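The values are calculated or read from the model by the stated rules, or taken from the named source; none is laboratory data. Being a predicted model, the structure only gives us computed values, none of them experimental. Cβ sites come from the backbone with ideal geometry, for glycine too, and all protein chains shown count toward neighbours.
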Amino acid sequence: MPKIDDINHDLINTERTIEQFVGIEASLTPKIEGIKGIYKHSFKDFIVKEITNEGRTLEIKEDYSTESFSKEQKDKFTTFNLVKVNKDTFEALREIGDKLNISPKSIQYSGLKDRRSISVQRVSIKGNYVNKLKKLKIRDSFIRHIRPTRKPVKLGGNWGNNFTITIRNVEDKKNLQKDIELLSNDLVKKGFLNYFGVQRFGRYRPNSHLVGRYLLEENFEKAFDEYVSTIYLTESKNLQNIRGILKKTDDLEKAYNSFPNGLFYERVMIKHLIDYPNDYEGCFDLFSLNLKTLLISAFQSHIFNKMISLRAKKGISMLKPVKGDTISILDDDNGHITKIKYIYGDLQGQYDEFLEKAMTLNRAVIVIPIVGYETDMNEFPLLKPLFEEIIKQDGISINLFKSKLLYQFVYRGSFRAMTTKPIGFKILELNDDELFPGRKKLKIEFSLIKGSYATTFLREFMK
């Protein structure tokens, strides 16, 4: 990616260029042909169901009898399943908050779900809202399985997600069934690169990482311009025109009347500037804690993606560890990475055989840092020069990783598996596609550990 001031937004107009823009450039199996086709042709083709830490997959229609709030049981939260249809998680939670007249800070969830989908996830609200939630009616949001709980749902508190996805417009080739089976077997064995997916940055305006960077740099005016008035060709023509007029004229009053109500934060930011001219920092004080968190962590996610891509570009193995790789041991119960990590090739390689065996048994993985204020890049010797090359190329000061905002949101830094594998992969259906005559549709099901993206798996699967 070029330096931030040299970006040509006119070139960010296809799925591939959007991927490159957010740091997604490599493939774990570049020599293997994918099935191609399209996904998310309809929201009905993409179903996401949260999996609890106890291993239970939530179901779209589950709705058990509601229990009463009990002081004796020390109930403090109302927890429920949120089923949303073709709707952004933040939008759904904001609508619930508005209907209940409560602050968004009172609503907690374990993770964001794809907008263009049918999804079910657990949500908690502080206090007794059992009866109010029973009566709540919101278009395309459905409240199921309401129950009082002692503890809330926490961010990252789920095991992962189950996906049922229909891929359409697949070419009807000879031996298609066999080719799909061979491809899926290979990906189940090898896995895929564990990039943060495009939706982490915004599918139509893939700029969360840029806004996050400007916030960390305390360049609030530039953050405002990027969030509100920068034009992306992947957005609708109408919104491109509205943003373009604001960028050209700086007419805030006209912009406030032109921006649709669905662009909630753009409107409140513009209104704030009308009332308090040039107070760009104050605009971002209006953001919910969840959204601020999303923007700042998107910047970290972008650096993570770029480290994977640069590793691949330099021809460093993506499947086997090399000297200087950092390897984390996975926990026995859930298969999540742990704080226990080793450097491959360190101490005369005395742990190397053990680490190789653990990786073969799916008990260990190569990890990439998510850089925060406590990250010591010396703990990632192979990646340290790659990280330094990236921030130099992008014109990022190393002091940015000591920003007060990182401290405020407790972004100490962590690490994440470089690759991950789909679990329980199944081919559910391969039939004629009723929407694309002469083509095939493929319906698949699989689960992914939390934090991994089905879209990055599909990128490898479809190519």
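Data overview
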{"read-out": "Candidates 290, 261, filtered to the one that is within 22 Å of residue 92 (Cβ to Cβ) and touching a strand residue (DSSP E or B) at 6+ places or on another chain (Cβ under 9 Å)", "value": "290"}
{"read-out": "Subset of segment 134-180 (residues that are touching a Phe, Trp or Tyr at 6+ places or on another chain (Cβ under 9 Å) and free of Cβ contacts under 8 Å to residues at least 24 places away in the same chain)", "value": "none"}
{"read-out": "Residues that are assigned to a helix (DSSP H, G or I) and either crowded, with 18+ Cβ neighbours inside 10 Å or within 22 Å of the chain's Cα centre (by Cα) (or both), drawn from segment 367-390", "value": "386, 387, 390"}
{"read-out": "Segment 306-340 - residue that is surrounded by fewer than 17 Cβ atoms within 10 Å (Cβ to Cβ) and assigned to a strand (DSSP E or B) and, of those, farthest from the chain's Cα centre (by Cα)", "value": "340"}
{"read-out": "The one condition in (1) closer than 22 Å to residue 52 by Cα; (2) buried (at least 16 other Cβ atoms within 10 Å of the Cβ); (3) free of Cβ contacts under 8 Å to residues at least 12 places away in the same chain that residue 97 fails to fulfil", "value": "(1)"}
{"read-out": "In segment 272-301, the residues that are more than 24 Å from the chain's Cα centre (by Cα) and surrounded by fewer than 17 Cβ atoms within 10 Å (Cβ to Cβ)", "value": "274, 275, 276, 277, 278, 279, 281, 282"}
{"read-out": "Residue in segment 112-123 that is basic (Lys, Arg), under 30 Å from residue 71 (Cβ atoms) and either out of contact with any helix residue (DSSP H, G or I) (no Cβ under 9 Å at 6 or more places or on another chain) or not in a helix (DSSP H, G or I) (or both) present", "value": "yes"}
{"read-out": "Selection status of residue 74, part of a loop (DSSP other than H, G, I, E, B), of a type in the set (Lys, Arg) and loosely packed, with under 14 Cβ neighbours inside 10 Å", "value": "yes"}
{"read-out": "Those residues of segment 249-264 which are at pLDDT below 95 and among the aliphatic types (A, V, I, L, M), in sequence order", "value": "263"}
{"read-out": "Options 102, 24: the member that is β-branched (Val, Ile, Thr), surrounded by 20 or more Cβ atoms within 10 Å (Cβ to Cβ) and either assigned to a loop (DSSP other than H, G, I, E, B) or modelled with pLDDT under 90 (or both)", "value": "24"}
{"read-out": "Wholly within segment 399-463, strands (runs of 3 or more DSSP E) carrying at least 1 residues that are over 28 Å from residue 18 (Cα atoms) and at pLDDT 95 or above", "value": "423-432"}
{"read-out": "Filter result (in contact with a Lys or Arg (Cβ under 8 Å, 6 or more places away or on another chain) and either in a strand (DSSP E or B) or farther than 21 Å from residue 424 by Cα (or both)) within segment 177-196", "value": "192"}
